[in-house]
Amino acid sequence: MSPKALETLLAEFGGSVSVADDGKVSVTDEEKLRGTSVDTLAKIAVFGDPRQRAAARWLLWELGQGLGIYPASIHELYVSRGLGEVPLDFTVPAINLRAMAYDSARAVFRAALPRKAGALIFEIARSEVGYTDQRPAEYLSVLMAAAIKEGYRGPLFVQGDHFQVNAKKFKADPKAEVQAVSDLADEAIRAGFYNIDIDTSTLVDLSYSTVDEQQRNNYEVCADLTMFIREREPEGITISVGGEIGEIGEKNSDETELRAFMDGCNRTLPKEMVGLSKISIQTGTAHGGVPLPDGTLAQVKIDFDVIKELSRVAREGYGMGGAVQHGASTLPDEAFNQFVQNEATEVHLATGFQNIVYDHEAFPAELRQRIYDHIKSAHANDQKEGETEEQFIYKTRKKGFGPFKADLWGLPEDVRSAIRASLEEKFAFLFDQLNVGDTMDLVRRYTPHVEIHKTLADYGGPAAKGEDTSDLAD
């Protein structure tokens, strides 16, 4: 990539940012940078031509390093939780931003800053990378831009969520499917994702007579992917790696399964290698909620006793932070503090934020209809027999975010600010219920700034190829 693209980019910022001959980036006017300059930088990082895009992403990374906004791993915090050194009185929200990522991330930081909330994760699943058209380097760059915009300082936990092995593809060609997940993990690590949740729970086979046999493919492939990740860690960082024992939407997890998975995973890993920091379980939820024929959501009952018991086993038996809950964003408001009371380490939240965007009174009806018409045309084969149009649209409208990404980013500021305000209100509620206020000092203690500098060349490679992720969890 030519440095000319960087020179052109810097010229647009009116002297708010400078780059020395040795490549060191300095902020000379932060107020100006946090004005329209960073807005422009975020858009170029997403929609610029390849050279502009690479320059913008590199500049955002280096600006973060200079300002003290640094991609980090939550591993040490979770391990310390497992050792009893960190209190169990909060649950970390892991937030998937599918739509309007820049505005949505700004809303997260605006809710976090007055609460001094540092224990929070941004994430994107393997499936979401595809249908939202957000590769890891783009996603991290947008988060960094939002953090700069809102004046955030501290660790930036970015996570690969559900880096999942597709069971059908694995059965047809195990090596190729594991390689696809490995390639994505490599791409994510290079982008600054220092937290990765491996999901090989799709490989659990309940037809076997013993739990170890049922979990064998799960723990062996998870261990192989963990080794792959560990070999690519930046110096000074231990990536937080999570495993999963129960596929969301299936039977609830139990202690026997957890122990079989963890014992097998630890046997498979080299003795000197750091293992997992957390374990995802199934307790009764479903990703996106369960839509009824009229498009409203059915009430879902979570077995919080399972969360509490398996979190205890994970901590006391294996030194992990505890259990992780997926598919929770559409639960009733009164459910969220229950995660704290029952010692859940982490809870994953996605569809509820998508719903706020789509159903917001300020969202243009004409754009919503265009997206729905596209979904009904492009994904008609996804509609199941007996499924109403309302159910189909609710389950499938997430796939409109990629094709209409530019339209969503280009909404008028009054529309985007109204949606941001509603998202901020929701994030604030969740942070309060999950009790992550006043956790910034705690996370700083366990995640000191490890400076990692990059070059323009690091962002000049070919774009990663897309893949069919229609059968994967999100």
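Read the figures in this text as sums done on the coordinates, not as results from a lab. All values reported here derive from a predicted model rather than from experimental measurement. Heads up, the Cβs are rebuilt from the backbone with ideal geometry, glycines too, and the neighbour counts pull from every protein chain shown.
Details
- Span from the segment 317-345 Cα centroid across to the segment 431-450 one, whole angstrom: 17 Å
- Kirkwood Rh in Å, taken over all unlike Cα pairs in segment 3-67: 11.6 Å
- You can think of it this way: the chain between Asn381 and Ser18 has 125.5 nm of extra reach, that is 0.36 nm per residue less the Cα-Cα gap.
- Using the rule -39500 (n - 2.57) for each DSSP H run of four or more residues, divided by the residues of the chain, the 222 nm mean residue ellipticity is -14500 deg cm²/dmol.
- For the chain, the calculated P(r) over all alpha carbon pairs, in 10 Å bins from 0 to the bin holding the longest distance, is 4, 21, 32, 28, 13, 3, 0 percent.
- Cut-off 18 Å, label 7 Å out along Cα→Cβ of Glu235, residues of segment 175-191 by amide N: 190
- Computed from the C-beta positions of Asp39 and Lys454 and an R0 of 22 Å, the FRET efficiency is 0.45 to the nearest 0.05.
- Sites Arg267 and Asp407, calculated FRET efficiency, Cβ-Cβ separation with R0 35 Å, nearest 0.05: 0.10
- Spatial separation of Cα centroids for segment 10-49 and segment 157-213, in angstrom: 37 Å
- Tensor-based shape of segment 390-470 (alpha-carbon gyration tensor, a/c under 1.5 rounded, otherwise prolate or oblate): oblate
- Rounded to 5, percent antiparallel among DSSP beta bridges of the chain: 10 percent
- Segment 348-403: trypsin sites (Lys or Arg not before Pro) falling in loop per DSSP and having at most 10 other Cβ within 10 Å: Lys384
- Ranking of Cys222, Cys265 by count of other Cβ atoms within 10 Å, fewest first: Cys265, Cys222
- Ranked by the mean number of other Cβ atoms within 10 Å per residue, highest first, peptides 232-242, 100-110, 211-221 order as 100-110, 211-221, 232-242.
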